[in-house]
Amino acid sequence: TQLLEQSPQFLSIQEGENLTVYCNSSSVFSSLQWYRQEPGEGPVLLVTVVTGGEVKKLKRLTFQFGDARKDSSLHITAAQPGDTGLYLCAGPVYSGNTPLVFGKGTRLSVIA
Amino acid sequence: GAGVSQSPSNKVTEKGKDVELRCDPISGHTALYWYRQSLGQGLEFLIYFQGNSAPDKSGLPSDRFSAERTGGSVSTLTIQRTQQEDSAVYLCASSVIGSQPQHFGDGTRLSIL
């Protein structure tokens, strides 16, 4: 059983469109992190959300942590080809000093 | 450099050979992870080191896989008697402590012929 479920698995859109990807769990997380991975590189941290209901913005990217801290979403406005990549969410399995568990990711392709 | 460094970046070897993959974490990071990523897939957790604690080996797929971390810094992932299904990108990451954001290397692309 996957602790973090990401959807959709694949997404292909035209430049300028908006999109939302989701990261869901039946478990409560103390925090969730979002990473983006481009081909040939390791994942790079985009943001960490900590408080239930929290919204963080990073230019055209808006991240939201669910009130119950069981889910998170990433909304991209006016997508650009540079947004293409694998988007991964991750969170600590338990509170304290424990490793992260990763979702399987959403592979986004933005076509010019 | 300031980031996580992995070597080699690419490795091609014949089935049945042993391989060693190296990871140099960010200085001062006590947590170190190894992941495997097959083509187009997400991250498969392999092993986790945290300080001087016993490593969490729960993700290692078989006893052909092992890893060590010497002096709390550099780590080596060893795959013995490689099989074609071992072909993947092997990623290393480090963090200040276990639950904190991870900093990834660019991985070693392993191809088993």
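The values are calculated or read from the model by the stated rules, or taken from the named source; none is laboratory data. These figures come from a predicted structure and were not determined experimentally. Glycine gets a Cβ as well: all are built from the backbone with ideal geometry, and neighbour counts include every protein chain shown. These area figures cover heavy atoms from the full protein model, side chains too; ligands, DNA and RNA do not enter into them. Shrake-Rupley method; radii C 1.70, N 1.55, O 1.52, S 1.80 Å.
Of the whole protein surface, residue B:103 contributes about 90 Å² of accessible area at a 1.4 Å probe radius. With the full set of protein chains in place, find how many percent of the accessible area of the protein assembly as shown is carbon and sulfur; take the probe as 1.4 Å. With neighbouring chains kept in place, the figure for the protein assembly as shown is 48 percent. One equal scatterer on each Cα of segment B:5-108, no solvent, Debye formula: the resulting log10 I(q)/I(0) at q = 0.14, 0.21 Å⁻¹ is -0.48, -1.11. Rounded to the nearest 20 debye, the dipole magnitude of segment B:5-108 is 60 debye, with +1 charges on Lys and Arg beta carbons, -1 on Asp and Glu beta carbons, and the Cα centre as origin.
When the inverse distances between all different Cα atoms of the protein assembly as shown are averaged and flipped, the Kirkwood radius reads 18.1 angstrom. Pairs with C-alpha atoms separated by more than 29 Å, drawn from the list A:59/A:104; A:56/B:11; A:104/B:11, are A:56/B:11. For the pair B and A, the buried accessible area comes to roughly 1500 Å² in total, with a 1.4 Å probe and the value rounded to the nearest 100. Neighbours of residue A:17 by Cβ distance under 12 Å: Lys/Arg scored +1, Asp/Glu scored -1, total -1. Projected over all directions and averaged, the alpha-carbon convex hull of segment A:5-111 occupies 6.3 nm². Once the partner protein chains are put back, segment B:73-113 shows a loss of at least 50 square angstrom of accessible area, versus the chain by itself, at B:99, B:101, B:102, B:104, B:106 (probe 1.4 Å, ligands and nucleic acids excluded).
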